[in-house]
Amino acid sequence: MLACAVIAEFNPFHNGHAYLLQKARQKTGADILIVVMSGNFVQRGEPALINKWERARLALMNGADLVVEIPTEYATDSAREFAHAGVTIANEMQSDYLAFGSETPNLDFEKESRIIDRLFNEQLSYNQNFASQLFHGTDIVNSNDILGINYAYWNAQSSKSKMQLLPIQRIGANHLDSNVGGDIASASSIRKSFLKNDQEYQSAVPTATKEVLAATKPVIWDDYWELLEYKILISSPESLSHVKNMNEGFEYRVLSMLDGSDSFLTLMKNLKTKRYTYTSIQRKMLNILLDIHNERFQLSKSRLLATNSLGRRYIKEKKLKNFLMTKVSKVDFATNYKITKRADEIYQLVSPYNWGKSPIITDDVKE
């Protein structure tokens with residue numbers, strides 16, 4: 001069976017995502033559409049608005065055949081490591097294609113991926129973040145294109161059979177648009193609209209997403225402020241220095257800026273510098289909250305979140321059970337899935353759910 005993978009977050013699942021899945025299947029002629037998805041915390045360094053099981057179910061309802069999870073420590077990392085994990089999983093799942101949304105699909109992603117190997121000058125500017133310096137002097141500014149370049153880089157590095165990249169033109173809204181402007185809108189504008197309760201988001205999401213948003217408690221960073229504050233208060237500079245991506249002495253800044261910060265937003269504003277984006281700071285705070293430390297990339301398994309009957313057949317035919325956890329064992333929870341288990345438990349302190357013991361299984365197959 002011909003397989004196409006899509007690396008995604010679906011935070012939340014909207015009409016643009018449905019369009020991406022439809023075009024991915026149409027353009028590749030794939031028999032199987034695999035979604036490689038972030039879990040309960042996402043790449044921007046924040047909790048997903050709705051839990052991973054509901055998002056996986058929505059993906060299955062809108063064209064996916066299999067939804068598998070990017071473990072938390074990689075799903076919440078920089079674009080480079082997020083892409084590394086996504087491509088690793090897609091290759092282990094024996095995908096023939098990797099489809100992704102792009103503002104400039106005619107870009108030569110393989111050629112541009114060579115920029116990833118460029119070393120920074122010895123004297124780095126502290127007035128720019130790392131991504132800005134890496135792509136300085138180029139026209140590459142859109143985050144989806146930057147992700148696509150990272151996908152191309154890790155696909156070229158893979159020891160598995162190489163996937164064919166399929167960039168798909170984004171339509172409608174730009175990912176940075178802050179307002180919902182019609183049937184296709186950015187995920188950030190949809191989240192903003194939903195949290196303001198202004199109802200504009202409803203034109204940009206499927207009916208099933210509306211139902212989930214209406215029935216589920218949304219999760220945001222403010223829900224974890226007191227827990228984060230406590231974690232920082234009991235930490236020493238040495239203990240914080242071991243937190244993932246806590247570099248250049250930023251742990252001292254965190255400890256000094258906590259005093260006088262009475263909310264997560266205030267702390268973020270106090271920590272902000274030209275050197276670090278809000279997103280990179282959020283990731284550092286999330287690593288503190290979830291107790292994620294620096295470690296070597298060693299992704300060995302992924303978890304099956306949802307599948308239909310066609311997906312189950314694909315898993316069996318491709319003999320994926322050694323890589324794909326259909327059920328997580330006690331050994332897996334104690335080793336390669338330990339951080340994700342902890343993250344899920346922390347997520348449920350705010351928004352409990354009944355999913356999680358077994359994958360979502362349906363006999364529905366989307367044509």
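Some points to look at:
- Filtering Ile220, Ile234 for residues that are in contact (Cβ under 8 Å) with a residue 60 or more places away in the chain, of a type in the set (A, V, I, L, M) and open to solvent by 20 Å² or more (accessible area, probe 1.4 Å) leaves a single hit, Ile220.
- Residue that is surrounded by fewer than 24 Cβ atoms within 10 Å (Cβ to Cβ), in contact (Cβ under 8 Å) with a residue 60 or more places away in the chain and touching a strand residue (DSSP E or B) at 6+ places or on another chain (Cβ under 9 Å), where the choices are Asp65, Asp77, Asp96: Asp96
- Test for Ala187: is it within 20 Å of Pro12 (Cα to Cα) and either modelled with pLDDT of 95 or more or touching a Pro at 6+ places or on another chain (Cβ under 8 Å) (or both): yes
- Selected residue [of a type in the set (Ser, Thr, Tyr) and at pLDDT 95 or above] from Thr88, Thr104: Thr88
- Every condition in (1) at pLDDT below 95; (2) surrounded by 15 or more Cβ atoms within 10 Å (Cβ to Cβ) is met by Arg296 except one, and the failing one is (2).
- Qualifying residue in region 244-256 (condition: in contact with a strand residue (DSSP E or B) (Cβ under 7 Å, 6 or more places away or on another chain), within 21 Å of Ala343 (Cβ to Cβ), part of a loop (DSSP other than H, G, I, E, B) and not polar (S, T, N, Q)): yes
- Conditions (1) over 20 Å from the mean Cα position of the chain (by Cα); (2) crowded, with 16+ Cβ neighbours inside 10 Å; number of the one not met by Val243: (1)
- Odd one out for Asn270 among (1) of a type outside the set (A, V, I, L, M, F, W, C); (2) surrounded by 13 or more Cβ atoms within 10 Å (Cβ to Cβ); (3) within 30 Å of Ala18 (Cα to Cα); (4) out of contact with any Gly (no Cβ under 6 Å at 6 or more places or on another chain): (3)
- Residue check, Lys192 among the charged types (D, E, K, R), under 19 Å from Gly45 (Cβ atoms), surrounded by fewer than 20 Cβ atoms within 10 Å (Cβ to Cβ) and within 19 Å of the chain's Cα centre (by Cα): yes
- Pair list, Cβ < 6 Å and 6+ apart or interchain, from region 40-60 residues that are open to solvent by less than 10 Å² (accessible area, probe 1.4 Å) to residues that are charged (D, E, K, R): Asn40/Lys52; Asn40/Asp344; Val42/Glu9; Gly45/Arg283; Leu49/Arg191
- Looking only at residues of region 310-336 that are exposed (fewer than 13 other Cβ atoms within 10 Å of the Cβ) and part of a helix (DSSP H, G or I), we find that the one that is nearest to the chain's Cα centre (by Cα) is Ala334.
- Segments classed as helices (runs of 4 or more DSSP H), wholly inside region 1-93, with at least 2 members that are among the hydroxyl-bearing types (Ser, Thr, Tyr): 15-28, 72-75
The values are calculated or read from the model by the stated rules, or taken from the named source; none is laboratory data. Owing to the predicted nature of the structure, the values given are computational and were not obtained by experimental measurement. Cβ coordinates were reconstructed from backbone atoms using ideal geometry, including for glycine residues, and neighbour counts include every protein chain displayed. Note: areas computed on protein heavy atoms with side chains; ligands, DNA, RNA excluded. Shrake-Rupley method; radii C 1.70, N 1.55, O 1.52, S 1.80 Å.
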